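What follows is calculated from the coordinates using simple rules that are stated; it is not laboratory data. These numbers were taken from a predicted model, which means no experiment stands behind them. No Cβ is skipped: glycine too gets one built from the backbone with ideal geometry, and neighbour counts run over all protein chains shown.
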RNA sequence: GCCGAGGUAGCUCAGUUGGUAGAGCACUUGACUGAAAAUCAAGGAGUCCCCGGUUCAAGUCCGGGCCUCGGCA
């Protein structure tokens, strides 16, 4: 059971090793390993963590869910055991998890690791999560209000997306200008903040960067090679029993409208279980949508690149990265 | 061999009474502050199977050819 292995790994608190311990208490060193899905971040991060007394803080919006192991490409039990991991398997698939909760948990995990005199590694492909942590986004303190959201969505369905957007423009013209009226989800969120606080969301969005000294390593591959890796990985997931995993989730009572079920590798099974798609259709859909997803990831990284050192995953041995991180740690204070 | 259907964007197809082509998906790109593996937007792309004919004008009509699929032999 991967869940147990993960829990065990999380609870293990290895003895501090002074070798890589940061000397400056004021500035927490943070190594970030980011990149598109399937590029090989997990394996690299574990090598670096093992070599440099590190602990991994996952920045993956899907690996937070328990019982979703194959489809989220969660680290295997032996990988979880090889280095402490945080923010994996922390909620059930029917729970709503959010950016704000992630950001808080990530800051706490990074502080804790630093307090243990170990090296925090922030590793993942969820660009928004990474950026919110690194840039210190001040996320408006307005938790989602499901009934208000439903009400606003119904309004859009009845009156049209334009009418909903008009309501936003009336209370928050700045946000209205930035959000496409057809993107109902974002219009709803902006309105939600306005209606619940009386303040426009655009006025509440601030940044206060955390006191970290950051090394960002971006792992990348040529598009074609990455697509091939994705196709192979999807085939492997299916061979490893992805269908069984999805069925088990449904049998456990989790429904298609659970937030976790919208993820790649899960949502694509719905037509198959309804009898409208073959297994090949499902595999094709997962591959196709994963390829589209990596393009979105690159768009995010390109637009939020504050000094990412990009490395070709096929041409960079883990030792090279370990050396790079070690040099960077030794440069501290220089 | 005969009968029928069809050959239009990478794929599946739509193209109204003839006026030099569209849709979905793919592909590429962009947005993104409590659903983000979500959600939304933009863009490039086609010798309309080939040859000939009718016409001011043919993806569209006529003739011939090639190819694919189905049925019958």
Failed criterion for residue A:216 (all others in (1) farther than 23 Å from residue A:292 by Cα; (2) surrounded by fewer than 17 Cβ atoms within 10 Å (Cβ to Cβ) hold): (2)
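Listed here are the residues, each with its yes/no results for (1) touching a helix residue (DSSP H, G or I) at 6+ places or on another chain (Cβ under 9 Å); (2) without any contact (Cβ under 8 Å) to a residue 40 or more places away in the chain; (3) within 30 Å of residue A:286 (Cβ to Cβ).
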position	(1), (2), (3)
A:200	yes, yes, no
A:212	yes, no, no
A:217	yes, no, yes
A:247	yes, yes, yes
Surrounded by fewer than 19 Cβ atoms within 10 Å (Cβ to Cβ) and within 6 Å of RNA strand B (Cβ to nearest atom) - does that describe any residue in segment A:148-170? yes
Just checking, how many residues over segment A:199-232 are within 11 Å of RNA strand B (Cβ to nearest atom), within 20 Å of residue A:311 (Cβ to Cβ) and in a helix (DSSP H, G or I)? 5
If you scan segment A:233-261, which residues turn out to be more than 16 Å from residue A:94 (Cβ to Cβ) and away from RNA strand B (no atom under 13 Å from the Cβ)? A:235, A:236, A:238, A:239, A:240, A:241, A:243, A:244, A:247
Considering (1) crowded, with 16+ Cβ neighbours inside 10 Å; (2) within 28 Å of residue A:144 (Cα to Cα); (3) more than 10 Å from RNA strand B (Cβ to nearest atom), say which one residue A:316 fails and leave the rest. (2)
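One line per residue, one yes/no per condition, for (1) farther than 24 Å from residue A:33 by Cα; (2) touching a residue at least 40 places away in the same chain (Cβ under 8 Å); (3) exposed (fewer than 12 other Cβ atoms within 10 Å of the Cβ):
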residue	(1), (2), (3)
A:238	yes, yes, no
A:257	yes, no, yes
A:263	no, yes, no
A:286	yes, yes, no
